[in-house]
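Worksheet for the structure shown next.
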Amino acid sequence: MSKKLIGIDLGGTTIKFAILTVDGDVQQKWSIETDTTNEGSKIVPSIVESINKHIAKYEMSHSDFIGIGMGSPGTVDRELGTVIGAYNLNWKTLQQVKQEIEAGTDIPFAIDNDANVAALGERWKGAGENGDDVTFITLGTGVGGGIIAEGRLLHGVVGAAGEIGHITVDPGGYDCTCGKKGCLETVASATGVVRVARDYADEFAGDSRLKYLIDDGQEVTAKTVFDLAKDGDVLAIKIIDKVSYYLGLACGNIGNMLNPSDIVIGGGVSAAGDFLLEQVRHYFEEFTFPQVRHSTNIKLAQLGNDAGVIGASSLAKQFLKK
């Protein structure tokens, strides 16, 4: 039997696992809840236990696997295999993830930032079509990203390359959790879209279902805003136009600097689909010069929740060479 890869996508609520072929085809998938109690001390032991349990369940042995790859939030040291500052996991202190997982499974282990591995997944088996120059933007609770340039994932000096959410799109704009103003994350994340909606609703005097919902104190999400815009709500259309402007501006800057073949947009907000994409493309074309405009494509991600495990598994391919 040809050897397999294991991919792990470590999130604040669930940990997703997959067993894949070396070609990136998912053969088995499962998930467990993330237990963040006791400063997240149960997370790594539960990962080890789940891997060992499923290897036995599928009547395989540890020697059947080339390696394990994992995407994690927080500050990741790829060489040492450690993580610190993953606050949604309750990991405030340094976690010796690689050391513990290799000791518990006897399988080589590799780790990277969760947005980076999602980028690797979309590049390898998704919308990036295995291209050498692909930028991935994920629009969720925050805005993350990953950059593959000339076949290599960019990390930067301290691992901060690809932090697309902190591109400044509005210098006088909202305060960001990073400490500066006007980051893309403040206006294009799921929470950012709602923030823009509330501000616009305050100033809007016309007839709008969205304004009514906000003024009435009802729950409004990014999905609400997009759905109402698709239905022709005047206020919602104005908001999505503004969000698309900011996204198009950021994509234009990325295109002008890196000229990737594809800028792939994923994450929960991207569920708005072509409705969002067409407007982002419009502004992207406004903010790029001709060579970039005609060679860089804006696309929707294709892998959904599988991007993380597929990309993570690709980290383990490095052990093929050893």
With bins 10 Å wide starting at 0, give me the P(r) of the range 158-317 over every alpha carbon pair, in whole percents. 10, 35, 36, 16, 3, 0
Structure-derived percent of Cα pairs over 37 Å apart: which label, when the choices are (i) 21; (ii) 9; (iii) 16: (i)
Hits for the chain under the membrane-span-like helix rule (DSSP H, Cα axial span at least 30 Å, Kyte-Doolittle mean at least 0.5) are 234-258
Under a Cβ-only charge scheme (Lys and Arg +1, Asp and Glu -1), can you give me the dipole magnitude of the chain about the Cα centre, in debye to the nearest 20? 620
What is the dipole size for the range 163-322, taken about its Cα centre, with +1 at each Lys and Arg Cβ and -1 at each Asp and Glu Cβ, in debye to the nearest 20? 860
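Grab the beta carbon distance between D199 and S2, set R0 = 51 Å, and tell me the FRET efficiency rounded to 0.05.
Values: r = 55 Å, r/R0 = 1.08.
Calculated value: 0.40.
Mind checking the per residue accessible area of the range 1-157 for me, 1.4 Å probe, whole number of Å²?
Accessible area per residue, the range 1-157: 44 Å².
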Extension gain K321-C178, at 0.36 nm per residue separation less the Cα-Cα distance, in nm? 47.6 nm
For an R0 of 56 angstrom, estimate the FRET efficiency from the Cβ-Cβ distance between E102 and Y212 and round to the nearest 0.05. 0.50
Which order do Y212, Y246, Y87 take by accessible area at a 1.4 Å probe, largest first? Y87, Y212, Y246
In order through the range 152-164: 3J(HN,Hα) via Karplus (6.51 cos²θ - 1.76 cosθ + 1.60), integer Hz, x for Gly, Pro: 10, 6, 7, 10, x, 5, 10, x, 9, 5, x, 7, 5
Here the range 288-299 yields Karplus 3J(HN,Hα) values (6.51, -1.76, 1.60; θ = phi - 60°; whole Hz; Gly and Pro given as x) of 10, 8, x, 4, 6, 3, 9, 10, 9, 9, 9, 9
Rounded to the nearest whole Å², what accessible area per residue is found for the range 268-322 with the 1.4 Å probe? 52
Using a Cα-Cα cut-off of under 23 Å, which lysines could be cross-linked to K3, ignoring same-chain neighbours fewer than 8 residues away? K16, K29, K53, K57, K98, K125, K317, K321, K322
How big is the range 1-74 along each principal axis, measuring the range of its Cα positions in Å and listing the largest first? 40, 22, 16
Under a 1.4 angstrom probe, counting protein chains only, how are S313, S31 ranked by accessible area, largest first? S31, S313
With every protein chain in place, the chain: carbon and sulfur % of accessible area (1.4 Å): 48
If you take the charge dipole of the range 137-283 about its Cα centre, with +1 on Lys and Arg Cβ and -1 on Asp and Glu Cβ, which of Y212, P260, Y245 is farthest toward its positive end? P260
In nanometres, what is the gap between the two model label sites at L80 and R293, each 7 Å from Cα along Cα-to-Cβ? 4.9
Those GluC sites (Glu not before Pro) from the range 79-145 that are DSSP loop and have at most 12 other Cβ neighbours within 10 Å turn out to be E79
Take M60, project a point 7 Å from its Cα along the Cβ direction, then tell me which residues of the range 3-31 have their backbone nitrogen under 16 Å from it. 3-9, 16-31
Given a 1.4 Å probe, how much area per residue of the range 191-256 is accessible, in Å²? 47
Given only helices, namely DSSP H runs of n ≥ 4 each adding -39500 (n - 2.57), what is the per-residue ellipticity at 222 nm of the chain, to the nearest 500 deg cm²/dmol? -11500 deg cm²/dmol
Label-point separation, F275 to K42 (7 Å along Cα→Cβ), nm: 4.0
Using amide H atoms built in the peptide plane, which far-off residues or other-chain residues are under 5 Å from A161 H to H? G156
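The values are calculated or read from the model by the stated rules, or taken from the named source; none is laboratory data. In this text, all values refer to a predicted model and were calculated from it rather than measured experimentally. Positions of Cβ are generated from backbone atoms using ideal geometry, with glycine treated the same way; all protein chains shown enter the neighbour counts. Each accessible area value is taken on the protein alone, full model and side chains, heavy atoms only, with ligands, DNA and RNA left out. Shrake-Rupley method; radii C 1.70, N 1.55, O 1.52, S 1.80 Å.
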